[in-house]
Amino acid sequence: MDKLIYKEVRNFIGGKFVKGGKKMLDVICPLDGKVISKVPLSGKEELDAAVDAAKKAFPGWSAIPIKERVQIFYRYKTILEKNIEELTYVTHIECGKTMGEARAEVEKSIELTEFACSLPQMLGGEILEVSNGVECRIDYHPVGVVASIAPFNFPHMVPHWTIPNAIAAGNTMVFKPSEIVPITSNHIAEMLKEAGLPDGVFNVVNGDREMVEGICDHPGISAVSFVGSTKVAKIVYARAASNFKKVAALGGAKNHLIVLPDANVQMTASNVAASMTGCAGQRCMAASAMVGVGPVDHIIEQLCEEAKKIVPGKNLGSVITKSAKERIEKYITDAEKQGAKIIVDGRNAIVEGKEGGYYVGPTIIDNVKPDMPIAKEEVFGPVLAIMRVQSLDDAIAIENSSEYGNAAAVFTQNGSYARTVAEKASAGMIGVNIGVPVPREPFSFGGWNESKFGTNDITGKSSLGLWMQPKKTSIKWNAEAKTNWMS
């Protein structure tokens, strides 16, 4: 076997990298199918050790004033910026993104860290004189040991949805990366330690389903975040909540882009093409369903031209595994058999020199019926299903019928149409002439319906409800103050 590009991944517990797990799993680069590292599949013993380390670290860490805690993240942000090229390359190799996509992911992590540095300005508490001589105040406290379970598709960014906010808020963390892309988590641990984060505040345990179940069940963990498929998000939410934990579990998506005839042709075509193919379509904000209202052939023609400019191995990365490639291509073939028309076909893509890689080219499927699997199910690849309707109401009805509710967008130059979609779409994030309507900090990321389970979003201000709990104090010092029923 070829020499590994990266040393074996380790768990990070109590400030040290340690071995753990009786079984090792190959880490495969999806760009060429080669083994680049190995990761341990850890179990209860390693999880217990990580939780114990986090428990021991919590009293000291949470006692530090928040303005001092965030100083570590100021330093960490600088370390991320200094190492952006290395982190970009690791994400590229591990996840199969293009270098540009990988760099953008790390840049988003830097922005998320920057937001955490602003928490002292948002967590000042509240105080009010509610009666003569009586004050009520609210202070916000960390919940304790928390856990974050991350997916494969954003090995650097999604961890930063949770790590900076949760830890800056005073919690200690057990982090479980996807076993498919575990290398980045070791870099995160190294850099947090370099920034001065005390031992035990951040811990990494590697594993598979057994580790996820262990986190949901562990009595020492107070809150859990999860990002992944809806099927697993439901299980994590139900299991962790049944163990009385606070939970935010983000699931899958089927995002609809509603295109009207008056839309700017070039802007619409380029936005839709970028949305459907960015990160090889492996993101929960990708455009996977387009609903064309009325005569939109001129826009679809330009969309096809834009899609043909996106070439696997050049400006389009790979999908994550061989099985993912096979699953995506089966969706395309089945849609064709069911009567849909393939107008741009990305099946059987091969990149010269990387014949072992897992590539699917941009694929656009026209004349899709709303009841076809390709129209309803999350494909998670660079595939766009086009449905056609005659009215905006019909388009909104299709969007509303989806079990998911992550994102929806409308492309039009008519403000009234845009407002109608924004108000009536059943989704938590809306775009107007934007194909990937991801909110920027301080606005929060989170969908509706079966795209999210729990009461808080996972980023921005809304995430603080997951990581903190309010303490209300009523105070009276002046015994001579005039009293009434309120005091």
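We did not get these values from a lab; they are worked out from the coordinates using the rules stated. These figures come from a predicted structure and were not determined experimentally. We place every Cβ from the backbone using ideal geometry, glycine too, and count neighbours over all the protein chains shown.
Per-structure values
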| quantity | calculated |
| --- | --- |
| Trypsin sites (Lys or Arg not before Pro) within the stretch 363-467: DSSP coil, no more than 15 neighbouring Cβ in 10 Å | R440 |
| Cα-based shape type of the stretch 269-320, given that a ≥ b ≥ c are square roots of the gyration tensor eigenvalues and the cut on a/c is 1.5 | oblate |
| Cβ-Cβ FRET estimate between Q71 and T473, R0 fixed at 35 Å, reported to 0.05 | 0.80 |
| Between 0 and 90°, nearest 10: helix 44-63 axis offset from the chain longest Cα axis | 60 degrees |
| Gain upon complete extension [K231, E129; 0.36 nm per residue less C-alpha separation] | 31.9 nm |
| Label-point separation, I138 to I84 (7 Å along Cα→Cβ), nm | 3.7 nm |
| Charge dipole (debye, nearest 20) of the chain; +1 at Cβ of Lys and Arg, -1 at Cβ of Asp and Glu | 1040 debye |
| Listed residue pairs exceeding 23 Å between alpha carbons, taken from K231/K325; K231/K322; K176/K314 | K176/K314 |
| Reduced Cα scattering model of the stretch 229-328, Debye log10 I(q)/I(0), q = 0.17 Å⁻¹ | -0.85 |
| Label point distance in nm, D393-I350, each placed 7 Å from Cα along Cα→Cβ | 5.3 nm |
| Reduced Cα scattering model of the stretch 176-227, Debye log10 I(q)/I(0), q = 0.19, 0.25 Å⁻¹ | -0.75, -1.08 |
| Angle between the chain longest axis and helix 230-242 axis [Cα atoms, degrees, rounded to 10] | 20 degrees |
| Three-way shape call for the stretch 314-438 based on the alpha-carbon gyration tensor, with the a/c threshold at 1.5 | prolate |
| Highest to lowest packing among 303-311, 72-80, scored as the average C-beta count within 10 Å | 72-80, 303-311 |
| Candidate aspartates and glutamates - alpha carbon under 14 Å from K472, same-chain residues fewer than 8 apart omitted | E126, E129, E135, D139 |
| Chymotrypsin sites (Phe, Trp or Tyr not before Pro) within the stretch 215-289, DSSP loop, no more than 12 other Cβ atoms inside 10 Å | F244 |
| Sequence-separation-based contact order of the chain, relative, with Cα cut under 8 Å and 6+ spacing, percent | 18 percent |
| Set of aspartates and glutamates near K56 by C-alpha distance (under 13 Å), chain-local residues within fewer than 8 positions excluded | D48, D199 |
| FRET efficiency for D217 and S416, using Cβ-Cβ distance with R0 set to 41 Å, rounded to 0.05 | 0.20 |
| Computed lengthening from A63 to F443, 0.36 nm per intervening residue step minus Cα-Cα distance | 134.0 nm |
| In order through the stretch 82-87: 3J(HN,Hα) via Karplus (6.51 cos²θ - 1.76 cosθ + 1.60), integer Hz, x for Gly, Pro | 5, 10, 4, 5, 5, 5 |
| Set of the stretch 250-266 residues, backbone N closer than 17 Å to the point 7 Å along the Cα-Cβ line of K424 | 256-262 |
| Kirkwood Rh (inverse of mean 1/r, distinct Cα pairs), the stretch 175-284, angstrom | 17.0 Å |
| Cα gyration tensor shape for the stretch 387-443, rounded if a/c is under 1.5, else prolate or oblate | oblate |
| Ellipsoid equivalent to the stretch 37-88 - semi-axes via the Cα gyration tensor, in Å | 26, 24, 4 |
| Mean separation of Cα contacts under 8 Å, 6 or more apart, over the residue count of the stretch 36-190: relative contact order % | 30 percent |
| Helix 322-337 vs. the chain, principal-axis angle (Cα, 0 to 90°, nearest 10) | 50 degrees |
| Full-stretch length increase - N243, K369 - with 0.36 nm per residue and alpha-carbon distance subtracted | 41.2 nm |
| The stretch 291-357, Cα convex hull volume normalised per residue, Å³ | 106 Å³ |
| Among G313, L119, G346 the positive-end extreme of the charge dipole of the chain (Cβ point charges) | L119 |
